Amino acid sequence: RAMKEGSCVRVCEVSPRSAGVSLKAKVVRVCVRGKSELARADFAACFADVLIGDDTGCILLLAAGAQELGILSPGTSVLLRNVSIEILHERMRLTIGRWGSMEVLEPGLTCEVDLENNLSLREIARVGESKGGSSLR
């Protein structure tokens with residue numbers, strides 16, 4: 001299915017309330033959690049923190065399972081569809097939900113990733129916590 005030109009957001013446009021967005025990004029680093037480097041070939045039960053970005057900034061992506069982790073390697077460009085922001089320990093990260101998808105982008109992005117603008121390092125303050133939920137600023 002072809003995407004309309006301009007339907008992807010830039011990394012710098014992602015906010016705590018972002019949901020169902022699409023973006024193109026380059027993989028900078030993959031940190032598999034709970035497995036040694038030697039066991040990296042068995043991705044079935046793995047999770048990884050993947051730093052991805054474009055020329056406007058970078059953010060962590062939570063990737064899971066063989067299908068996602070199998071295509072993520074540094075330098076690879078990906079198209080993420082229908083991803084959302086999750087707040088963990090007052091920090092933002094992207095997640096791919098049930099209806100989301102990821103595919104290798106060919107040709108890849110040629111830009112240098114802006115590592116100075118790491119959205120996952122910014123603390124997201126929760127204000128007005130109550131039974132009904134919270135609001136983010």
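The values are calculated or read from the model by the stated rules, or taken from the named source; none is laboratory data. Please read these numbers as outputs of a predicted model, since none were measured by experiment. Here the Cβ is made from the backbone with ideal geometry for all residues, glycine too, and neighbour counts use every protein chain on show. Side chains are part of the model used for accessible areas, which takes the heavy atoms of the whole protein and leaves out ligands, DNA and RNA. Shrake-Rupley method; radii C 1.70, N 1.55, O 1.52, S 1.80 Å.
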>> Pull out all pairs, ordered by first then second residue, where Cβ-Cβ is under 6 Å, the residues are six or more apart or on different chains, the first lies in the stretch 114-128 and is over 18 Å from residue 75 (Cα atoms) and of a type in the set (Lys, Arg), and the second is modelled with pLDDT under 90 and open to solvent by less than 90 Å² (accessible area, probe 1.4 Å).
In response: 126/134
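Conditions tested, residue by residue: (1) at pLDDT 90 or above; (2) assigned to a helix (DSSP H, G or I); (3) aromatic (Phe, Trp, Tyr); (4) within 11 Å of the chain's Cα centre (by Cα).
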| position | (1), (2), (3), (4) |
| --- | --- |
| 32 | no, no, no, no |
| 35 | no, no, no, no |
| 38 | no, yes, no, no |
| 78 | yes, no, no, yes |
>> If residue 82 satisfies all but one of (1) surrounded by fewer than 17 Cβ atoms within 10 Å (Cβ to Cβ); (2) in contact with a Lys or Arg (Cβ under 8 Å, 6 or more places away or on another chain), what's the number of the condition it fails?
In response: (2)
>> Just the residues that are modelled with pLDDT of 90 or more, not in a loop (DSSP other than H, G, I, E, B) and not polar (S, T, N, Q), please, taken from the stretch 100-137.
In response: 100, 102, 103, 104, 119, 121
>> Being modelled with pLDDT of 90 or more, open to solvent by 30 Å² or more (accessible area, probe 1.4 Å) and not in a loop (DSSP other than H, G, I, E, B) is true for just one of 59, 52, 87. Which residue is that?
In response: 87
